[in-house]
């Protein structure tokens, strides 16, 4: 029996991979109708701070993992008294807080954008020059921000002060905008023995702060791809990480790679691996958790993944025949009941002979769905 904290689509796909490999799964989540909870062998409906529920989960599982980073580190520490927990509390506590994450990356000499920590109005830390040097910038809440939520673009101190108040004056990070060529990510898996396997580098396109399209392999130079893989591996080693990890990068116009953020879990940009790789990121998550040899991540064919957001449901459920009639396209729906604008409801993946061919086909399907 494997345990899973979190009942969303990442948990659902983990449970499907675990079932395929012969494992049972217990999901703990506060949503009684969670996508992962509905397919779990056992479901514990409780908050992540419920010590009795955590004890129950810990006692009945051989190993436990998470599907997202906003699990209280104290919960992971409690569970580790019973069984293997991957990733561990330390890794998650760093990645779930932008301040801790920036400080970790900075202290270990990883390249990041200039930033300041803002915990009170008018007070800035970790920036030695004038705050004016960070404009234009992006103000981000230190915790619980995702998919563009908890972020505001600011151009001067007046806008910064207003945005900070609008964010309820919680601790934030102000990041300087960088001259961006594109965004790429590396999804990797590191076992408890330190062995590591990476997926091909992914090129990502966002819309309104939400991942829209992932292109694999990324259309970057071989040297850039090699550098991204090396940096991501160094991050995992420095964290002494165990499990699936995603490192997101900004590729600057001058060719420099700057780390944007790290995610201690399978990642939206790794969904292509379900259909396009020998081993998916979710099977790798199971393998790392269960101390199995890591799988081969070789790419069958170049691919493009397109997110399906709740906006498409505003006039009723889309006609999925528009996707399924394409022989080289795979549809994945997450089983969520309520479709809301911006909510990830599913994705489709297109395989092609080249990344550009797959992208052309994916964009055509996307336009057809959106116009119907």
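Values quoted throughout were computed directly from the atomic coordinates according to the rules given, and no laboratory measurement underlies them. Bear in mind the structure is a predicted one, so any value in this text is a computation, not a measurement. Neighbour counts are summed over all protein chains in view; Cβ atoms, including those assigned to glycine, are modelled from backbone coordinates with ideal geometry.
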*Under the rule of -39500 (n - 2.57) per DSSP H run of 4 or more residues, summed and divided by the residues of the chain, what mean residue ellipticity at 222 nm is obtained, to the nearest 500 deg cm²/dmol?*
-8500 deg cm²/dmol
*So for 100, 303, fewest C-beta neighbours within 10 Å to most, what's the order?*
100, 303
*Measure off 7 Å from each Cα along the Cα-to-Cβ vector at residue 149 and residue 234, then give the distance between these two points in nanometres to one decimal.*
3.4 nm
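Note down the relative contact order for the chain as a percent, whole number, built from C-alpha pairs under 8 angstrom at least six residues apart.
13 percent
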*Would you work out the relative contact order for segment 227-372, in percent, from Cα pairs under 8 angstrom that are 6 or more residues apart?*
19 percent
*Quote the relative contact order of segment 2-85 in percent (integer), defining contacts as alpha-carbon pairs under 8 Å separated by 6+ residues.*
32 percent
*Please report how far the C-alpha centroid of segment 266-290 lies from that of segment 176-215, rounded to the nearest whole angstrom.*
14 Å
*Could you give log10 I(q)/I(0) at q = 0.08 Å⁻¹ for segment 180-371, computed by the Debye formula over C-alpha point scatterers of equal weight, without solvent?*
-0.26
_Residue of 183, 67, 317 that the Gaussian network model of the chain assigns the largest fluctuation, springs spanning Cα pairs under 10 Å_ = 317
*Rank these for me by crowding, 297, 360, going from fewest to most other beta carbons within 10 Å.*
360, 297
*If we count other beta carbons within 10 Å of each Cβ, what is the order of 320, 313, fewest first?*
320, 313
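Ratio of the chain's C-alpha Rg to 2.2 N^0.38 Å, to two decimals?
Working: Rg = 20.4 Å, N = 372, 2.2 N^0.38 = 20.9 Å.
Rounded to two decimals, the normalised Rg is 0.98.
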